[in-house]
Each structure stands twice: as C-alpha cells, then as structure tokens.
Amino acid sequence: MIEVGRKYVFDFDSTLTRVEALDVLAEMTLQGKSNREEVIDEIQKITNLGIDGDISFTESLERRIKLLKAHKNDLEGLVQELRLKISKSIASNKEFFEKFSEDIYVISCGFKEFIDPIVLEYNIPSDRVYANTFEFDEEGNIIGFDENNVLATHNGKIQCLKNLDLDGEVQVIGDGYSDYVMREAGIAHKFFAYTENVHRDKAADNADHVTPNLDEFLFVNDLPRNISYPKNRIKILLLEDVHPVAFDNLSEDGFSVELVKTSLSEEQLVEKIKGVHVLGIRSKTQVTQKVLDAANKLLVVGAFCIGTTQIDLDYSRKKGVAVFNAPYSNTRSVVELAIGHIIMLMRNVFTRSTELHGGQWNKSAVNSREVRGKSLGIVGYGNIGKQLSVLAEAIGMRVYYYDIDDKLALGNAVRCGTLEDLLSVSDVVTLHIDDNKANKNFIGERELNRMKNGAMLINLSRGFVVDIQALVNALKNGKLAGAAIDVYPEEPSKNGDFVTELQGLSNVILTPHVGGSTEEAQRNIADFVPNKIMDYINAGSTVDAVNFPSIRLPKQTNAHRFLHIHKNVPGIMAKINEVLAKYEMNIMGQYLSTDNDVGYVITDLDKEYNKEVIKALKKVENTIKFRVLY
C-alpha cells in the first residue's frame, strides 16, 4: 500500500508576506495625494472586514479596487516591495519550500499577478498557485477582477480546495477567516493559525494549532527547519521591571517573554523558574543553588546590572547555565552622579536647600568651596573610575587613584601605591570597587581616620564596603565634612519604608541606589544584555559571559550545530568525537574552550543525522548539558 503524504496549503498575504499586498499597492499609488492617509485607512478597514468574514469577500474586493486607482505598471514595483517583505521565518526556511514544493499549494484571495513571481523564488510554480486575476482597461488601469474565478466569491477558498481534491492529509496555514473555514467545512484536516505578522482572534480561536512562526509549524510536523527548537517555545522570564526595550528586543526575535515588575523571593522563584529557559534579573533577586536546582530548563541568566553577587556563579557554571551582565552600560550615569555629588558636597548645597525648604534664608559662603584645585581620590580605577578621572580633571580637580591591579593612568591622574597614600591627600574620596565579599568594611574606622580632616566620602559602589557606624561617628565628630551614599548594606526588595543611621545628618546626601538608574543607562542595558542572551541562544556565543569559557563564532547556514557543556576532565573530546564517528557525522568545524571546572565545545556538522546520535552525546560521561542549535 502506497502511503500518501501530506499537502500544505498556504495563504499569501500576512502569511508568506508580512503585509497585505493591496494595502502596499494603495500606499504606492496614493503617494502625494492629499487624502492618502484617509483612503489607506479605509482600504485597511475593508481588508480586515473581509478577512474576518464580517463582509463578503466579493464586496471587500470590489470596494478596495475602486479606491486603489492602480495601473498595470504599478505591479512591477509592488512585486519588488513584496520581495522585501517576506515573513522572517518563511525566508529563513526556504529549504522546506524547495524540498517539499510538490506538496505545497498557495490558495489566496490575492492576485496571481503579484503572487506568482514571489512564490516562484520558493520553487512553487504558477500551476500550484490559486488566486484572483485583475482586469484592465485599454490604458492598463486596474478596473476590476475576474468575477468568474471561484476565489472572487465569498468562501471561495472552500470551493477551490474542494475542486483540487487533494490526496492525503491537507493542512492549511493562514491568518484569517477564509483559511480556517476550509477545515471547518471538512475539506482540510488541520488549520494552523499563523500569527507571526498579525494575530486575528477569530482565526486563533478556531485553530488546531496557533503557530507564531513557520519554525513552530515545521517543529510540530517534524519537518526540516532552520532551527531545531522554535524560539516561541523558549520561555524568558524578566523580573524587577527591567526596561521595556528588553521585552521588545527579545519578543521581536521570536521568544515568549513574561515581564514581572518586582523581584521574587527564593521560594517564589523556585516555583516560577520551572520551565523557564532564560531568566533576567537586576540586583535584588537571588539566584541560589536551590533556585538553580529547581530550574529544569534554564540555559542562561541575564543580569540587567553590573554586579553579579546575587547569582551563585560557580553553581550556575556547574549546572551549565551561562551568566551575562552589563558591565559598561551604566558607566556614564554613575560617573555623572559622582560629579554631581562632589559639587553639591563641596558647595554645601543640601544644607542650604534644607534651610530654605524650612523657610530660612541663609545666604553664606561658609563651607562652600569650588571643586577646582581640590584633590579627588578614586578608589577602584575600572571603567567608572577611569571615566570619572577624565571628567574630574576636566573641571579642574587633581586626580589620584588606587587600584589593586596595575592600571595605566589617564590624563594627569597620579597612581597611589597604597590606599593610605590616597586617603591622606584627597579632599574627596569616591569608591568604585567591585562586589567581592572580601571588600566588606573596606572603609572602616581606621581608614576614615587616615582621611584629611574635613574631607568627604562618596560611595556609589556596594553598600557593604563602608562600615556605616564608623562613618556616622566620623560625620558627627567633624572628622568628615560630608558624605554622599547611594548604596547600603541592606536594601529593601521594593520601594517603601527604609531606615539608616545616616538619616537626619545635614551634611549627608542619601540616594536610593540610583547611580545607574537613568533612562539612558536602562535603555543601554536593555539593548546590551538581550543581545548577549540572543547571541548565546541563537549561535552559541559565550563572549562576555562572566562564568563560562568564551567562544565567539559565526552563525552557520548550511550546517547543524551541536553545543556540548561538560565537566572539564580528560578524555571528553575523544568520547564526543568517537560518538560522531560512530554515526558517520562529518565535522565542518569544532571549537573548544575550557576553564578549571567546565568545558564548552561547539561542533558544526554538514549532513542529515540519525537522531540517535543526540541520545548518545547526552550519555557521554560528565555531560552537563547538550543542545542542538540548528
């Protein structure tokens, strides 16, 4: 008995292309007309009424063509425009159309004049395209359509498909009413609501399967596809109200993204993390061993901030979870706040402001000084420290810096050999050190006593690096003339009440950890971190991962890519290649990077493969994670 294969019936507008072709034609033909926007809006309204079945398709077609006022010569330009508007996942899966072209049909209420040249590039010949045709007058103006064509009538697709009398299982892929009624009428076996370009409730509600892209359709049917696992099935959880651009960037790339405005407790996250592939956090959410053990599908954590102490990096690596952060994105914001604090402390701005808010006018130069000529001591000469060094020198300050690493000075900055040397010469000391736990109480009573009398301290780094009680004492006894504090040893998980011993001191500026909280910084972070996440998910790149061996490599188009994360013990590569050889896999390229604990190997292969090879690779001893990318 001969097995009859499936047949695939595609819609054209808003399925194979991202647009409705007649809408595009209207925008072209109405260019320069004073009522252009009104007419286009009316055409789109009529289009949607017809797609949703609220008016007959014949009426929809008649009304739109009357408004178009198009000419035969406009069609060539329309085809050129449509070539640029092929649906993203359709274009990336051209191989499917070429390989299965004999089983693919296009049934559209659009017009063969512009559909034929587009789909021919996907190996679909004109005799498998069923669509309307235009009628022209002697001058070539489009005046109507062939009313005898079954597709010009209401529910014409039903009759068209019935006339074709296709053998085997018939699957319809489209976005509208006219597509799902073919299955409703019993002449198609399944209807897939294609929502990559437009989500129509009527179609989605009546679908056997909602497919946000062609990858999902191919995955469900186990057909050849550009990527092994549809992006819409990769679940991303973004916590702590990260910038909405992050949501947009990841959603536009096809991932399923959930945005939560608050941080989650360990218990809440343990429950929420199940089934999540990517977790995005800021500084308050703790990614602990317990959370990582509960994360059954987690591939990557994105920290939408500089620090990563809230994440157990070692355990993440051992679980095969890559971690990315944003080490540079808010540098400028922190530096500008530091400059602002320096000036406001030196000018005693907050004391004068508080007095005036209380109704007291106290115009005085006492304790108000220019920053020009004063000495700034920068502790930590990294990205922030260096940029602050340049700006501080530009406003006339003498700059000294101290760093445990040997950092090259910028401009006229002077490197101090010890912290004590820096403290003794600085009028203002500003802290920009990392979140290493060894830095707890880095500035305590001893260090404060080494500072100049009347000096000032700024902390925009980590709350635990300053002994708060020692600082309070130094401010109250006059050792320090002022301080600006943006970070605290303990910070609340959400906005609300907060208590610190520094409150009530008139010579102290307090801000609620807003050093990097500018619109520009959050936008930069929302671009940077998602790009790193997408590079890892889409291509396997681990460049800038804080806990993983680094591999950068180009995306392959005509190969399969296997990603293998394993414990860094001798002999793993030999075992991996032994498996590949057993299944006769031809290696096009192989890339390995390791650290003390973990090895990460990417293998590109150039042929179809027996799915058993995946099971074999997963069983290689000391495997942590294995993933087929495409």
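The values are calculated or read from the model by the stated rules, or taken from the named source; none is laboratory data. Just so it is clear, the structure is predicted and the values come from calculations on it, not from any experiment. Using ideal geometry, Cβ is built from the backbone for each residue, glycine included, and neighbour counts are taken over all protein chains shown.
Taking the criterion of being at pLDDT 95 or above and either among the hydrophobic types (A, V, I, L, M, F, W, C) or in contact with a Lys or Arg (Cβ under 7 Å, 6 or more places away or on another chain) (or both), the residues of region 399-409 that qualify are V399, Y401. Screening K386 against (1) farther than 22 Å from V514 by Cα; (2) within 42 Å of the chain's Cα centre (by Cα); (3) crowded, with 18+ Cβ neighbours inside 10 Å leaves a single unmet condition, (1).
Looking only at residues in region 419-454 that are charged (D, E, K, R) and not in a helix (DSSP H, G or I), the one that is surrounded by the most Cβ atoms within 10 Å (Cβ to Cβ) is D427. Of the listed requirements (1) assigned by TED's automatic domain parsing to the domain that holds I342; (2) buried (at least 16 other Cβ atoms within 10 Å of the Cβ), P489 misses just one: (2).
Only residues that are under 34 Å from the mean Cα position of the chain (by Cα) and among the small types (G, A, S): list them for region 389-443, please. S389, A438 - these are the residues of region 389-443 that are under 34 Å from the mean Cα position of the chain (by Cα) and among the small types (G, A, S).
Looking across region 147-179, the residues that are within 12 Å of A131 (Cα to Cα) and in contact with a Gly (Cβ under 8 Å, 6 or more places away or on another chain) come down to N149, V150. Mind listing just one residue for me: the one in region 596-621 that is closer than 30 Å to D314 by Cα, over 27 Å from the mean Cα position of the chain (by Cα) and not β-branched (V, I, T) and, of those, surrounded by the fewest Cβ atoms within 10 Å (Cβ to Cβ)? Top of the filtered list is N596. Taking the criterion of being touching a helix residue (DSSP H, G or I) at 6+ places or on another chain (Cβ under 9 Å) and of a type in the set (V, I, T), the residues of region 188-233 that qualify are T195, V198, V210, T211, I227. Which of the residues belonging to region 518-547 are assigned to a loop (DSSP other than H, G, I, E, B) and surrounded by fewer than 16 Cβ atoms within 10 Å (Cβ to Cβ)? Result: V543, single match. For first residues located in region 353-374 and over 16 Å from N507 (Cβ atoms) and assigned by TED's automatic domain parsing to the domain that holds N507, partners that are β-branched (V, I, T) and surrounded by 10 or more Cβ atoms within 10 Å (Cβ to Cβ) and lie 6+ apart or on another chain with Cβ distances below 7 Å form the pairs V371/I342; V371/I343; V371/I395; R372/I395; K374/V428.
Residues in region 458-490 that are in contact with a helix residue (DSSP H, G or I) (Cβ under 6 Å, 6 or more places away or on another chain) and in a helix (DSSP H, G or I): V465, A470, A474. If I filter region 465-481 for residues that are buried (at least 20 other Cβ atoms within 10 Å of the Cβ) and touching a residue at least 60 places away in the same chain (Cβ under 8 Å), do I get at least one hit? Checking region 465-481: at least one residue is buried (at least 20 other Cβ atoms within 10 Å of the Cβ) and touching a residue at least 60 places away in the same chain (Cβ under 8 Å). Checking each residue in region 597-627 for being modelled with pLDDT of 85 or more, of a type outside the set (A, V, I, L, M) and in a helix (DSSP H, G or I) picks out K615, K618.
Screening the candidates L292, L264 for the property of being touching a Phe, Trp or Tyr at 6+ places or on another chain (Cβ under 8 Å), without any contact (Cβ under 8 Å) to a residue 40 or more places away in the chain and farther than 30 Å from A207 by Cβ yields one hit, L292. In a residue-by-residue description of region 474-488, the property of being touching a strand residue (DSSP E or B) at 6+ places or on another chain (Cβ under 8 Å) and aromatic (F, W, Y) applies to no position.
Of the helices (runs of 4 or more DSSP H) contained entirely in region 165-230, those carrying at least 3 residues that are buried (at least 20 other Cβ atoms within 10 Å of the Cβ) fall at 177-184, 214-220.
Close Cβ contacts (under 9 Å, 6 or more residues apart or on different chains) running from residues in region 605-630 that are more than 14 Å from L563 (Cα to Cα) and assigned by TED's automatic domain parsing to the domain that holds H564 to residues that are part of a loop (DSSP other than H, G, I, E, B) and among the charged types (D, E, K, R) comprise K607/E584; Y609/E584; N610/E584.
Let's see how each residue does on (1) modelled with pLDDT under 90; (2) under 25 Å from I551 (Cα atoms); (3) surrounded by fewer than 18 Cβ atoms within 10 Å (Cβ to Cβ):
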site: L264; (1), (2), (3): no, no, no
site: V276; (1), (2), (3): no, yes, no
site: L292; (1), (2), (3): no, yes, no
site: C305; (1), (2), (3): yes, yes, no
site: H341; (1), (2), (3): no, no, no
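Restricting region 538-561 to residues that are farther than 10 Å from A322 by Cβ and among the β-branched types (V, I, T) leaves a set whose member that is modelled with the highest pLDDT is V543.
Quick grid of which residues meet (1) over 30 Å from I624 (Cα atoms); (2) basic (K, R); (3) in contact with a Ser or Thr (Cβ under 9 Å, 6 or more places away or on another chain):
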residue: F304; (1), (2), (3): no, no, yes
residue: Y328; (1), (2), (3): yes, no, no
residue: V335; (1), (2), (3): yes, no, no
residue: G340; (1), (2), (3): yes, no, no
residue: N348; (1), (2), (3): yes, no, yes
residue: T354; (1), (2), (3): yes, no, yes
residue: E370; (1), (2), (3): yes, no, no
residue: G373; (1), (2), (3): yes, no, no
residue: G385; (1), (2), (3): yes, no, yes
